[in-house]
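The values are calculated or read from the model by the stated rules, or taken from the named source; none is laboratory data. All figures in this text were calculated on a predicted structure; none of them were measured in a lab. Methodologically, a virtual Cβ is constructed for each residue, glycine included, from the backbone with ideal geometry; neighbour enumeration extends over all protein chains shown. Note: areas computed on protein heavy atoms with side chains; ligands, DNA, RNA excluded. Shrake-Rupley method; radii C 1.70, N 1.55, O 1.52, S 1.80 Å.
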Amino acid sequence: MEKISVGLLGFGTVGTGVVHLLTNEQEKLQQQTGLSVQISKILVKNLEKTRKFDQYEQLLTLDPSEIIDNPEIDIVIEVMGGIEEARRYIHSSLKNKKHVITANKDLMALYGNELLQAAADHGCDLYYEASVGGGIPILRSLTEGLAADRITKMIGIVNGTTNYILSKMSHQSVSYEEVLQEAQALGFAEADPTSDVEGLDAARKMVILSHLAYSIPVTLEDVNVEGITRVAEEDIQYSKKLGFAIKLVGTAEVEDGEIDIRVGPTLLPLNHPLASVDNENNAIYVYGKSVGETMFYGPGAGELPTAIAIVSDLISVVKNLKHGSNGHHLFLPNQKKQCKSADSIESQYFLRLHVKDQPGALSKITGLFNEQEISLLKIIQEPLFKEKLAEVAIITHTTKQLQFEQIYQLLNDLDSVIEVKSYYRVEGMK
Ligand SMILES: NC(=O)c1ccc[n+]([C@@H]2O[C@H](COP(=O)([O-])OP(=O)(O)OC[C@H]3O[C@@H](n4cnc5c(N)ncnc54)[C@H](OP(=O)(O)O)[C@@H]3O)[C@@H](O)[C@H]2O)c1
């Protein structure tokens, strides 16, 4: 039987999962492709590390050229992470006519188009299913299953760490700091969690999804990003009382050819399917003009879920090799980029305010909303006896972003308002 030779750049969490599947699922791979897939070399940083699969010890190397310049290797799987080195190694592999599979969302969000162009120039495949949603086949769903539809909006819970933190804060009434420490101890959050908790990881994934769903070449600079560090327990408790859950969601919406792409803590109605996506799970809710609403749900990371996405990409590459169709499955954004301006962006909003506990305070607030022609969906007021003030939580109806920014300013200036403590967008209402 003909053999396909694979080189791995990286043997960490995901690399180990890939090796596991290539070792234990050989029969399935042969059934799918009619070929046998063998691992030829594995690039690592530290040869002394103990590995789960010690039978591959003789394949380990510290020299990337043993993979990227090796004429015996057909396919390179990049699971080392980082930007510049990975970018260089992928370029060299493509130049050497090797097909590439990567899980690297940081790299694909920043340099995806450049790398896809290089792959096209060299007639090679470049697949990256694992870069968004781990084991959820969302990229394939956008480019194949929903290829005939016009996608109008995507709402994604695409970062497992922040979803874990917000779920725990909601179900166990604990503070952000406490849950973060617990998540770090359990390995759900990195020692430096900045990229996750500041929303950057989710922003990168929304960029990749937007390229595929809309073919619009958005960059990270186009994403309005806010993380979860200022979400207070009180925000979560008031959201619940009003019938909502707070999640870190990415939204990417296109209307009249203009895109609005953002990541931030967002309220979702408790009866919305995304509201019950808890812990480290991911889900992407897709609105298609013809299909209506669909949701893709599953484990967003982890050794085997991520490896499944990579090995499925590997099967695609091998099938393309058999059919001589490599280099024809690349999706480069080809539409003009026009971003929505603040005066055309509309949303519902949640606000939490501290107000003076005195007669007429609430009516002054509702009066201000009336004057500004912003109608309210829900409002609750509760006394904070210890602080001798009251807390008010509001959900507005849909309003223009500019109008909301104005009322936010006016509320802060109102003498009965002590402070607007927080505000977030609300998504997923019919
Ligand atoms: N973990 C997940 O669940 C997940 C999910 C989706 C996507 N991803 C993406 O998958 C990629 C890999 O993630 P991971 O969690 O598997 O990372 P990881 O556990 O840190 O593993 C990285 C591997 O690459 C090797 N490596 C790193 N830099 C290297 C260098 N300069 N030269 C040679 N070898 C190098 C390391 O070698 P040593 O073993 O010798 O240290 C290690 O084997 C990243 O792009 C990540 O964003 C991960």
All aspartates and glutamates inside 14 Å of residue 322 as judged from Cα atoms, apart from same-chain residues fewer than 8 positions distant: 2, 74, 125
DSSP bridge orientation in the chain - percent antiparallel, rounded to nearest 5: 70
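Considering only protein heavy atoms, with the full assembly of protein chains and a 1.4 angstrom probe, order 173, 40 by accessible area, largest first.
I get 173, 40, largest accessible area first.
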Solvent-accessible ranking of 97, 240, 247, largest area first, probe 1.4 Å: 97, 240, 247
Note, ³J(HN,Hα) from phi for region 284-301, Karplus 6.51, -1.76, 1.60, rounded to Hz, x at Gly and Pro: 10, 9, 10, 9, x, 4, 9, 6, x, 10, 10, 10, 10, 9, x, x, x, 6
Sum of side-chain charges, residue 57 neighbourhood, beta-carbon under 13 Å (Lys, Arg +1; Asp, Glu -1): +2
Ranking by accessible area, most exposed first, for 153, 337 with a 1.4 Å probe: 337, 153
Summed side-chain charge close to residue 44 - residues other than residue 44 whose Cβ falls under 15 Å, Lys, Arg +1, Asp, Glu -1: -2
Highest-first arrangement of 302-310, 345-353, where packing means the average Cβ count within 10 Å: 302-310, 345-353
Top of 373, 78, 48 by mean-square fluctuation, Gaussian network on the chain, Cα under 10 Å: 48
Spatially proximal lysines relative to residue 241 (Cα-Cα < 24 Å; intrachain offsets below 8 disregarded): 168, 356, 364, 378, 386, 388, 421, 430
Charge sum, other residues only, whose C-beta stays under 12 Å from residue 320's C-beta, Lys/Arg counted +1 and Asp/Glu -1: -1
Fraction of accessible area attributable to carbon and sulfur, region 346-426 (%, probe 1.4 Å): 48
Distant-in-sequence amide H partners of residue 377 (H built 1.01 Å from N, under 5 Å): 395, 396, 397
Of the DSSP H helices in the chain, those whose Cα atoms cover at least 24 Å axially and whose Kyte score averages 0.0 or more: 303-323
Per-residue [θ]222 nm for the chain (sum of -39500 (n - 2.57) over DSSP H runs n ≥ 4, rounded to 500): -10500 deg cm²/dmol
Restraint check, 97/289; 98/205; 49/95; 49/97; 28/289, Cα-Cα greater than 28 Å: 97/289; 49/95; 49/97; 28/289
